[in-house]
Structures are given as C-alpha cells and as structure tokens.
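The structure follows.
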Amino acid sequence: MSIQNRSVYFIAVIITMTAGLASRTYGAVLPDWVHEHFGDALWAGMIYFGVRMVCIHSNRARALWGSVTFSWMIEFSQLIQTPWLNNLRSTLLGALILGRGFLFMDLIRYLIGILCVYLIDRFILSKMMRL
C-alpha cells in the first residue's frame, strides 16, 4: 500500500513542478497575478508533496510544518550573500532550488501554496488512496 501511496505523491510532485515551471515559462500569456504568485506557491507545494512521498508514514501536520520550515529556511538563506553561494544561485538549477533574493512576500506565497496542497492531500488524495 505504501508503494501505491508514494506513487500518488510522486505524480503530485511531477504535476506541481510542471505547473510551477509553466507559470514561469508562459508568464507572458497568464494574468499578472498568476505569473507573479503561483510559481513560488507551487514550488512550496511541490516540497510538501515531496515530504509526503519520502516520509509516507508521517502525518500530514508534520509534513505541513516541515515543508513550511524548509521553504522558509531556503528563503531566509537568501539573506546570506557569499561569492560561492551567489555563484551557485546564478545557475538555473541553483536559482530554481535556492532562489536569488529575499522577499517577505515569498514567505506568504510558500505558506499559501503549502496550505492549498495540504487541503488537496487531506480531502482529495487521501480519499483516492483509500479506493
């Protein structure tokens, strides 16, 4: 059963990651508020699904707070400006994982994104996995 559940979360990670990258790639054709906010919210949602996939036997509340903590730590790490870290952030993968500059608004976007996918997990995915 846990392999099936891990598969559901893996698919959720892939879908969330794809939607987040699409919100950045096709931002010019999306409403400004979608382009501006959804990428960060979806990134954090992907973190939540990843935590659920890896820690399959942990409860949702722990995954929620672990995801918020991880996401916020990444954001606060952007206050650290060292040459080697800035060089890493200047790469595409480094920017996607670590971001580039601290924004307080990102903390709110992460929280909202995680709360949204938590609700999806609790009320939709959990019912799918019981079938």
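On the accessible surface of the chain, probed at 1.4 Å, how many percent belong to carbon and sulfur atoms?
Numbers: 5970 of 8080 Å².
Carbon with sulfur: 74 percent of the solvent-accessible area.
Within the set of other residues whose C-beta is less than 13 Å from the C-beta of ILE80, count the net charge using Lys and Arg as +1 and Asp and Glu as -1.
+1
For the residue pair ALA95 and LEU21, what label-to-label distance in nm results when each label sits 7 Å from Cα along the Cα-to-beta-carbon direction?
1.5 nm
Local charge sum around GLY27 (other residues, Cβ-Cβ under 14 Å, Lys/Arg +1, Asp/Glu -1)?
-2
Follow-up question, since we're still on this one. Using DSSP to define loop residues, name the chymotrypsin sites (Phe, Trp or Tyr not before Pro) in the range 1-87 whose beta-carbon has at most 14 other beta-carbon atoms within 10 Å.
Those that pass, being in a loop and sparsely packed, are TYR26.
If you don't mind, another one. Each residue of the range 34-48 in order: what ³J(HN,Hα) in whole Hz does its phi give by Karplus 6.51 cos²θ - 1.76 cosθ + 1.60, θ = phi - 60°, with x for Gly and Pro?
Couplings: 5, 4, 6, 10, 5, x, 5, 5, 5, 4, 5, x, 5, 4, 4 Hz.
Please express the shape of the chain as an equivalent ellipsoid: the semi-axes are the square roots of 5 times the eigenvalues of the C-alpha gyration tensor, given largest first in whole angstrom.
Computed over the chain, the values are 27, 17, 13 Å.
What's the angle, to the nearest 10 degrees (0 to 90), between helix 2-25's Cα axis and the longest principal axis of the chain?
30 degrees
Moving on to the next point. Tell me, what is the per residue accessible area of the chain in Å², probe radius 1.4 Å?
62 Å²
Which is farthest toward the positive dipole end of the range 22-131 among GLY94, ALA63, MET128, measuring Cα position about the Cα centre, with Cβ charges +1 (Lys, Arg) and -1 (Asp, Glu)?
Looking along the dipole axis, the top candidate is MET128.
On to the next question. Counting C-alpha atoms alone, how compact is the range 17-67: give Rg to one decimal and Dmax as a whole number, in angstrom.
My reading of the Cα-based Rg and Dmax gives 13.2, 41 Å.
Right, another one. If you line up the long axis of helix 60-77 against the longest principal axis of the chain, both from Cα atoms, how many degrees apart are they, to the nearest 10?
Long axis of 60-77 versus the principal axis of the chain: about 10 degrees.
The values are calculated or read from the model by the stated rules, or taken from the named source; none is laboratory data. What you see is a predicted model, and the numbers here were worked out from it, not measured in a lab. Here the Cβ is made from the backbone with ideal geometry for all residues, glycine too, and neighbour counts use every protein chain on show. The area values use the complete protein model at the heavy-atom level, side chains included, leaving out ligands, DNA and RNA. Shrake-Rupley method; radii C 1.70, N 1.55, O 1.52, S 1.80 Å.
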